[in-house]
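These notes are about the structure you will find just below.
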Amino acid sequence: MAILDGKVPPGSIEEKWTNHKFNMKLVNPSNKRKFTLIVVGTGLAGSSAAATLAELGYNVKVFCIHESPRRAHSIAAQGGINAAKNYQNDGDSVHRLFYDTVKGGDFRAREANVHRLAEISPNIIDQCVAQGVPFAREYGGTLSNRSFGGAQVSRTFYARGQTGQQLLIGAYQAMMRQVEAGGVQLYTRREMLELVVIDGAARGIVTRNLRTGEIESHAGDGVILATGGYGNVFYLSTNAKQSNATAIWRAHKKGAYFGNPCFTQIHPTCIPVSGDYQSKLTLMSESLRNDGRVWVPKSKGDKRSPEQISDDERDYYLERVYPSFGNLAPRDVSSRQAKFRVDEGRGVGPSGQAVYLDFRDAIKRLGEHVVSERYGNLFQMYEKITGENPYKVPMRIYPASHYTMGGLWVDYNLMSNLPGLHVLGEANFSDHGANRLGASALMQGLSDGYFVIPYTIGHYLASAALPKITTDHEAFKATRSDVEARVAKLMSIKGSCTADDIHKELGHIMWEYVGMSRNSDGLKLAIEKIGKVKERFWNDLRVPGEATGTVNEELEKAGRVADFIELGELMARDALHRDESCGGHFREEYQTPDNEAQRDDANFCYVAGWEWKGDARPQELHKESLTFENVKLATRSYK
Amino acid sequence: MGGASQSTIDLKLKVWRQKDAATGGRFEDYDATGISTDASFLEMLDVVNQRLIKGGEDPIAFDHDCREGICGSCSMVINGNPHGPERSTATCQLHMRKFNDGDTIVVEPFRANAFPVIKDLSVDRTSFDEIIAVGGYVSVNTGNAPDANALPVPKVDADQAFNAAACIGCGACVAACANGSAMLFVGAKVGHLALLPQGRSEHNERVLAMMDKMQELGFGNCSNTGACAVACPKDISFENIVRMNREYAKASIKKRT
Amino acid sequence: MNYLKSSIGRKQLMGLTGLIWSGFVLSHMLGNLLIFAGSDAYNKYSYALTSNPLLYLAEAGLVVTLLAHVFYGLKLKFENVEARQTRYAMPTNGEKAARFQSKWMAFHGSLILVFIIYHLITFKYGPGVEAGYVTTVDGVQMRDLHRLIVDVFQSPAYVFGYVLCMIGVGFHLSHGFYSAFASLGFYHPKYSDWLSKLGYVYAVVVAAGFISQPLYVYLFAEAR
């Protein structure tokens, strides 16, 4: 085991980023065009990074699996983006956003990163407004805010229920401007299948053209992964169908450490599962908890329809258990509470696997038009999916896999332990600790892309010795043939189960044993079961069609499932090793008498960075210890 | 695990199958039996595809991703209508409870010269990106922004801009248009940015460049049928086209070269 | 790009020329209604028009705008056909059906063009004073257009064809009137719906007005 160095700059927490920006080396403007940077992924982090780096003068090559960069899954983020603007005059500040985020993350994030995020947050809003992002506004023309879970101030900026879409379109447009200007070369329908490492540094990628099946190599001076999270390891999640972990998993297998893989976020308000044909779960934004009240019937197995259950027969359990935060308790806490109610037999709906989110009182108080103005598109979405009208009957909701705090380990400069490999957004582990607060993912993605990587990558490029290489290099040829061999292997199994069959099986195991609550026996069982899934995958998979010449979605899925299986195993291993409960990681053995997460700061106040040791051996654990100098380690309480 | 209603229906599908852009295509018949009415249209296709794969056949290719009506990936024309019969709905949000047992459903790709078929129901819409690239943005580099509240924007304008910006770039407008025109798509972007003070300064150049690009890429001309706005899953208003007509004329007059 | 080569520029030209012709057909139709006022009024009006030297200017304007309308209309149509070569197995339907008339503009437009040519041959350049269609009103000798009208509309086939073409004019206007305003950039959520309805009313009034003349003549007037 090695000690991981987060390379946190010295100085007081308020000065670290400012000092660091001054101390970092710069690349001369006329030299920037001599550097080629590879950006994989075009969500908020990828698009914003690509646009900004091209504006600075770098040559940027951008890759996405979609037909258009605008389809990246950031587009689906609903609720909003946090920023410490204090426009509401309600006591917000950079320090409070920093404090809330560290506490919300249950003290498993790196303080310096979180502070930088809070410092940058106001600039993000400025930048987005200048780009023409149509944020919600007050009648006086100023920006409007709302509240999100885990905060007692109103600091969330939003564009109806489509904030992610509007922010992404802003970043996408900024990037397309650079495409036209020639600074960005765009490669769509390309999937990164391998990282190319030369002399210990990331120097390129190997991709598969999803339209033609062609395997292609691309060389560069630095590689930036902004490929999102791995929530789809659960098969059913709020992630898009194509969201996958292959890029980061391939990088992991090339030497990048995987940070805190067991820190996954189960979002409390999703539309419940309705049948085994279900392909994904749909999130109902956390913003709904501003006005919706969560409840279950007091008596077990109460199958009456909700309007027949009078107020004193209802348990508004979040308001009861957490009087000061009420329905706006953080996600991990709210999800677990929902699970407790359902496990007690108080769940509602035909499956009993749901709780109510009720707008009756809000409609009474504000009128239907105000509720519709705030959440109209979400209500419409709910009605389309369930066939029920949420203005009339309460929504039925249940937790679902939504976000992954874990990801590739990066230092303060967002660089992994592999020199040149930078990881942004949800793909890295960095800012959210063991639980992410609502409306912070958009903030982090854009902070990383617009305002952090443009500085830190310059420092890397100016400091590192980077000899010119081309794709003729031996390492490219070798990596390319590895990829070809892997594709050929997937095609050659010709078994009887589809990639979806196996993915669903993996998802069941992950949800059952590595989901909302975990225990040692279950995790051991999960590792064993995942091993069997892996065996079945490599012996009985069926991929129809051809590998080249045309689109083959089944082949794409198969490659991703293969990686999810290995990642699932690592998640279970990480969850098993972390003998404490914190944030989204809830180990049943470690809880307080009133069922709250019980951290073990003496033994687990660190980031777990896992190193790939080959197929035959389990990963090796490295630790980056976390110190809390500005936010005192304390038991989180939202009561 | 059980949903709101639990019933299943049997359907007959006529699906356009086409190996690639170069090869011609044709309709093939498939039986979709035992489909839950709570399933989405895409989940119905998933079920059919899983059966096809297990039967040794090539699954039906179609674009999809977020499956919550926002990424704009899903396309296809269902019984003659882009995104199917329901208004304000993308294919991924269309649920099988809208169909009846025994129905025959005809499924084809979006058709327009500027959207060549890639495979089966999947078409190439990258021409939209090319249109955005020539001007669908505010030219502001990162770091150049004044305080977000420095320039107040009337709520009415911000709301209208949002309505136009809600476009998901799915291309249903083009698919619905008898002329394969992209006026609604372009009009929505021009409208979004024209309605905000941040977008005004380069407004004339933008509308000219984007429209010229649209024409160059082989989209047809608008004949004001309004079919685009009706097909739009995000209810982008026809007003955006009219506004763009006006702005284009003004920009043409003001143009200096 | 040159405005007149641009998609919107040409569309606006279509709208502008279309509106000019919309105004013309209304005034033409109103003149036709003099058929109900008797032969003298009819002939006097026609004489007043044809003897006014400004007529040549107006005619030149109408010819130019018509040629532009036809030329760009066909050009746009060909481009549009090119832009959407494949048709769907089923038309749009239900809530998503397209405005019906809008799809047939080129079709009734062509019909109207043929009609206009035939119409000019029959009446404007048809038999005049030298062929004996002559009358004297208030001491002034003039062409007896009224008699020509009455003669021509004795043929049921001609009347049928005329009525059919005027229905075509009605359909063309029913989309064209509203569409012209849209092309020229007029839209307002409060007034556009109203304008669209006005377009239908305009179309029906113009078509009905034109149709009334041959029907009246065929049914009630006798050839002399």
I'd like to know how the protein assembly as shown sits against the 2.2 N^0.38 Å rule of thumb: what's its Cα Rg over that expected value? 1.05
Sort A:E620, A:E474 by Cβ crowding within 10 Å, fewest neighbours at the top. A:E474, A:E620
If A:D106, A:D361 are placed from fewest to most neighbouring beta carbons inside 10 Å, the sequence is A:D361, A:D106
What 222 nm value per residue comes from the helices of chain B, counting each DSSP H run with n ≥ 4 as -39,500 (n - 2.57) and dividing by all residues, nearest 500 deg cm²/dmol? -10000 deg cm²/dmol
DSSP beta bridges in the protein assembly as shown: the antiparallel percent, rounded to 5, is 75 percent
How big is the dipole moment of the range A:267-402 about its Cα centre under a simple scheme where the beta carbon of each Lys and Arg is +1, that of each Asp and Glu is -1, and everything else is neutral? Debye, nearest 20, please. 160 debye
To the nearest 10 degrees, how steeply does helix C:7-32 sit against the main Cα axis of chain C, on a 0 to 90 scale? 30 degrees
Percentage relative contact order, the range B:8-113, counting C-alpha pairs under 8 Å, at least six apart: 33 percent
So A:K303 and A:I493, fully extended at 0.36 nm per residue minus their Cα-Cα distance, gain in nm 63.6 nm
Find out how many positive minus negative residues lie around A:L466, taking Lys and Arg as positive, Asp and Glu as negative, among other residues whose Cβ is under 15 Å from that of A:L466. +4
Where does helix C:192-220 land angle-wise versus the long Cα axis of chain C, in degrees 0 to 90, nearest 10? 30 degrees
For the range B:125-254, what's the relative contact order in percent, using C-alpha pairs closer than 8 Å and at least 6 residues apart? 34 percent
For every other residue with a beta carbon closer than 13 angstrom to the beta carbon of A:G425, add +1 if it is Lys or Arg and -1 if Asp or Glu, then tell me the sum. -2
Filtered trypsin sites (Lys or Arg not before Pro), the range A:486-583: DSSP coil and at most 15 other beta carbons within 10 Å: A:K494
At the level of C-alpha centres, the distance separating the range A:603-620 and the range A:141-217, in angstrom, is 29 Å
Estimated [θ] at 222 nm from DSSP helical runs (n ≥ 4, -39500 (n - 2.57)) normalised by residues in chain C, nearest 500: -23000 deg cm²/dmol
Extreme residue, positive dipole direction of chain C, given options C:L198, C:A106, C:S6 (C-beta unit charges): C:S6
Contact order relative to length of the range A:267-402, as percent, for alpha carbon pairs under 8 angstrom and 6 or more apart: 35 percent
Among the DSSP beta bridges whose two residues both lie in chain A, what percent are antiparallel, rounded to the nearest 5? 70 percent
Starting with the fewest neighbours, write out B:D159, B:D63 ranked by other beta-carbon atoms found within 10 Å of each beta-carbon. B:D159, B:D63
Compute the angle between helix B:155-165 and the longest alpha-carbon principal axis of chain B, please, reported from 0 to 90 degrees and rounded to the nearest 10. 50 degrees
GluC sites (Glu not before Pro) lying in DSSP loop within the range A:285-355, provided at most 14 other Cβ fall within 10 Å: A:E344
Which of the GluC sites (Glu not before Pro) found in the range A:148-232 are loop residues per DSSP with 14 or fewer other Cβ atoms within 10 Å of their Cβ? A:E214
Measuring from its Cα centre, the range A:367-448 shows a charge dipole (+1 at each Lys and Arg Cβ, -1 at each Asp and Glu Cβ) which, in debye to the nearest 20, is 240 debye
Among rounded, prolate and oblate, which fits the range B:178-257 when a ≥ b ≥ c are the square roots of the eigenvalues of its C-alpha gyration tensor, a/c under 1.5 means rounded, and a/b larger than b/c means prolate? oblate
For chain A (alpha-carbon point model, no solvent) the Debye-based log₁₀ I(q)/I(0) at q = 0.08, 0.11 Å⁻¹ works out to -0.54, -1.07
If R₀ is 56 angstrom, what is the calculated FRET efficiency for the pair B:S7 and A:T627, using the beta carbon separation as r and rounding to 0.05? 0.45
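Values quoted throughout were computed directly from the atomic coordinates according to the rules given, and no laboratory measurement underlies them. This one's a predicted model, so the numbers in the text were calculated from it and none came from an experiment. FYI the Cβ positions are ideal-geometry reconstructions off the backbone, even for glycines, and counts take in every protein chain you see.
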